[in-house]
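Asks: Just dropping this structure here.
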Amino acid sequence: MKKFRRATLFCLALILALGLPLAASAVGKWTEGPVHWSQARRDSSGLAPKPEETPEAVVQVYAGRAWSWRGIFGVHTWFAVKPPNASEYTRLEVMGWQLRYGSTAVRVRNGTPDGYWFGSEPELLAEVRGAEAEILIPRILAAAESYPHADQYRIWPGPNSNTFTAHIARQVPELSLDLPPTAIGKDFIPEGAVFAKTPSGTGFQVSLLGLAGVVLALEEGIEVNVLGLTLGVDVTNPALKLPGVGRVGFSD
């Protein structure tokens, strides 16, 4: 009987730990009000340096809340790179809708590096400039080309846009990229692997198809993945990591 009660209390605690943050995220999303996707903002947020004023190489990684109800749960992430003296940025991301037309889900083309993601203001997750960025850009482009799930896309639990970003980050550990807990799909290890380095390259993770797993790393801290939702603690920059809400504590 005691074991049953303990198991019941544990399940209730887990449901509350997952459900309450998601409920708070849903309320925040609901208060934004309805906007048709075609009218949602996609213009620059002003976070990226202007090419005409910045001759040096630039690498940036962004996250923006997903469109519609998906934004309750997670974000869309992407890379933006600019070689030295380039007049435009190149965006690298996965767009699932492209598969409807027989194309690859991987999209690499010139575009607005820091645009609002269908109305959601983006967050800058990482940035490298100068000589180091110049060295990293060819490796980032090569990692995008080697992404093994270019012909697949699943919102949950992956592979999706965050699986793609995590794949590049693992190939370029110099970025030390700590993806937000709301980046659902980041824990889907490509090609069905169970064990891998974390996207930051500072630790290791075990994951069962992005549905359940554990992360231990200097950058990510301690994370537990339950059905694609992340609960965790960042020890280096003290913060809680909650599903739907994201980080609560010090800035990463």
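Asks: For segment 177-201, how many residues are outside any strand (DSSP E or B) and surrounded by fewer than 17 Cβ atoms within 10 Å (Cβ to Cβ)? Before you say what the answer is, go through the steps one by one.
Replies: From segment 177-201, those outside any strand (DSSP E or B) are 177-194, 198-201; that's our starting set.
Next, only the ones that are surrounded by fewer than 17 Cβ atoms within 10 Å (Cβ to Cβ) stay: 191-194.
Final tally of qualifying residues: 4.
Asks: Any residue in segment 202-216 that is of a type in the set (S, T, N, Q) and buried (at least 19 other Cβ atoms within 10 Å of the Cβ)?
Replies: Yes: one or more hits.
Asks: Let me ask something else. Within segment 219-251, how many residues are surrounded by fewer than 16 Cβ atoms within 10 Å (Cβ to Cβ) and not in a strand (DSSP E or B)?
Replies: Pass one, segment 219-251, residues surrounded by fewer than 16 Cβ atoms within 10 Å (Cβ to Cβ): 222, 226-227, 233, 235-238, 248-251.
This time we only want the ones that are not in a strand (DSSP E or B), so: 227, 235-238, 250-251.
Here the count works out to 7.
Asks: Follow-up. Every residue in segment 170-179 that is within 24 Å of Arg107 (Cβ to Cβ) and free of Cβ contacts under 8 Å to residues at least 60 places away in the same chain, please.
Replies: Matches in segment 170-179: Arg170, Gln171, Val172, Pro173, Glu174.
Asks: Turning to a different aspect of this structure: Against the conditions (1) touching a helix residue (DSSP H, G or I) at 6+ places or on another chain (Cβ under 6 Å); (2) surrounded by 15 or more Cβ atoms within 10 Å (Cβ to Cβ), where does Phe164 fall short? Just the number, please.
Replies: (1)
Asks: Do we have Glu88 as modelled with pLDDT of 65 or more and among the acidic types (Asp, Glu) here? I'd like the intermediate steps shown before the answer.
Replies: Values: modelled with pLDDT of 65 or more: yes; among the acidic types (Asp, Glu): yes.
When the stated conditions are applied, Glu88 passes them.
Asks: Now for a separate question. Looking only at segment 33-69, filter to residues that are among the small types (Gly, Ala, Ser) and surrounded by fewer than 21 Cβ atoms within 10 Å (Cβ to Cβ); which one of those is modelled with the lowest pLDDT?
Replies: First, pick out the residues of segment 33-69 that are among the small types (Gly, Ala, Ser): 33, 38, 40, 44-46, 48, 57, 63-64, 66, 68.
Filter again for surrounded by fewer than 21 Cβ atoms within 10 Å (Cβ to Cβ), leaving 33, 38, 40, 44-46, 68.
Values: Gly33: 57, Ser38: 71, Ala40: 82, Ser44: 94, Ser45: 95, Gly46: 95, Ser68: 82.
Looking at residues that are among the small types (Gly, Ala, Ser) and surrounded by fewer than 21 Cβ atoms within 10 Å (Cβ to Cβ), I get Gly33.
Asks: How many residues, within segment 117-138, are surrounded by 16 or more Cβ atoms within 10 Å (Cβ to Cβ) and within 15 Å of the chain's Cα centre (by Cα)?
Replies: The initial filter retains those residues of segment 117-138 that are surrounded by 16 or more Cβ atoms within 10 Å (Cβ to Cβ), namely 117-120, 122-123, 125-128, 133-134, 136-137.
Narrowing the set further to residues that are within 15 Å of the chain's Cα centre (by Cα) leaves 117, 120, 122-123, 125-127.
Count: 7.
Asks: Would you mind finding the one in Thr202, Thr163, Thr182 that is farther than 24 Å from Val106 by Cβ, polar (S, T, N, Q) and modelled with pLDDT of 95 or more? Show your work before the answer.
Replies: On the way: Thr163 fails: farther than 24 Å from Val106 by Cβ; Thr182 fails: farther than 24 Å from Val106 by Cβ.
Criteria check complete, one pass: Thr202.
Asks: Exactly one condition in (1) under 23 Å from Ile72 (Cα atoms); (2) modelled with pLDDT of 95 or more; (3) of a type outside the set (Gly, Ala, Ser); (4) in a strand (DSSP E or B) is not met by Leu216; state its number.
Replies: Exception for Leu216: condition (1).
Asks: With Phe195, Phe204, Phe164, Phe188 as the choices, which residue is aromatic (Phe, Trp, Tyr) and touching a His at 6+ places or on another chain (Cβ under 8 Å)? Write out each step before concluding.
Replies: Details: Phe195 fails: touching a His at 6+ places or on another chain (Cβ under 8 Å); Phe204 fails: touching a His at 6+ places or on another chain (Cβ under 8 Å); Phe188 fails: touching a His at 6+ places or on another chain (Cβ under 8 Å).
Matching residue, one of Phe195, Phe204, Phe164, Phe188: Phe164.
Asks: Are any residues in segment 202-213 of a type in the set (S, T, N, Q) and assigned to a loop (DSSP other than H, G, I, E, B), and if so, which ones?
Replies: Thr202
The values are calculated or read from the model by the stated rules, or taken from the named source; none is laboratory data. All of these numbers come straight from a predicted model, not from anything done at the bench. Here the Cβ is made from the backbone with ideal geometry for all residues, glycine too, and neighbour counts use every protein chain on show.
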